[in-house]
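K.L.:
One structure follows; several queries about it will come next.
Derivation of every value follows stated rules applied to the coordinates shown; laboratory data play no part. Just so it is clear, the model here is predicted, and its values are computed rather than measured. Please note: Cβ atoms are built from the backbone with ideal geometry, for glycine as well, and neighbour counts cover all protein chains shown.
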Amino acid sequence: MDNNGVFSADLIISTLMVMIITTGMIHMASERMDIAHDFDKLSKTRQLSEKIASTINKVDASPGQGIYIKMPDTLGNSSNYMVSVNSSGVFIMIDGMKGKSAIYPIIISNGVNEGPILMYPGKTYLIQNNPGKTKIIFINEI
């Protein structure tokens, strides 16, 4: 301020610059937090798909064996996910993203239909090998 109480142009410009820099830093921090949140959700999604694929491969190796698997209610903070299992792998769709874990090629069935079997959050499934000559993995909701 000068003697008449008027703000100088330097003070106004420097205040404006500080506000712009502060806003940019807050925006960057917010984006980094969102990235960390997405990374956590995707890593949990990957762990689940690997767990299901590993279970299918274990059951495939032992005729007549069955393993129960409980699907989590949420992955990260999202309960909006779906798992699809077919003869080539385990696919998980979550918030518009899709991931895959490979399995040994085998026929997947729910006892009625062969093909993609859908698994939903919060449900329990029995993954079981057909003890007969035909190698089929049955995935049934309990």
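K.L.:
Counting only helical runs of four or more DSSP H residues, what would the 222 nm mean residue ellipticity of the chain come to if each run contributes -39,500 (n - 2.57) and the total is spread over all its residues?
P.N.:
Taking each H run of at least 4 residues, the total per residue is -14000 deg cm²/dmol.
K.L.:
Can I ask one more? Percent relative contact order of the chain, based on C-alpha pairs within less than 8 angstrom and at least six residues apart?
P.N.:
About 22 percent, as a whole number.
K.L.:
Also, I was wondering about something else. Using a simple spin-label model with points 7 Å from Cα along the Cα→Cβ vector, what separation in nm is obtained for L16 and V112?
P.N.:
Modelled inter-label distance: 6.8 nm.
K.L.:
Could you compute the FRET efficiency for K100 and M25, with r as their C-beta to C-beta distance and R0 at 41 Å, rounded to 0.05?
P.N.:
Using R0 = 41 Å, I get an efficiency of 0.60.
K.L.:
I've got another one for you. Pick out, from N113, Q65, M33, the residue whose Cα sits farthest towards the positive end of the charge dipole of the range 9-141, with +1 on the Cβ of Lys and Arg and -1 on the Cβ of Asp and Glu.
P.N.:
Comparing the listed Cα positions along the dipole, Q65 ranks first.
K.L.:
About its Cα centre, how strong a charge dipole does the range 1-104 have in debye, to the nearest 20, once Lys and Arg get +1 and Asp and Glu get -1 at the Cβ?
P.N.:
Once rounded to the nearest 20, the dipole reads 740 debye.
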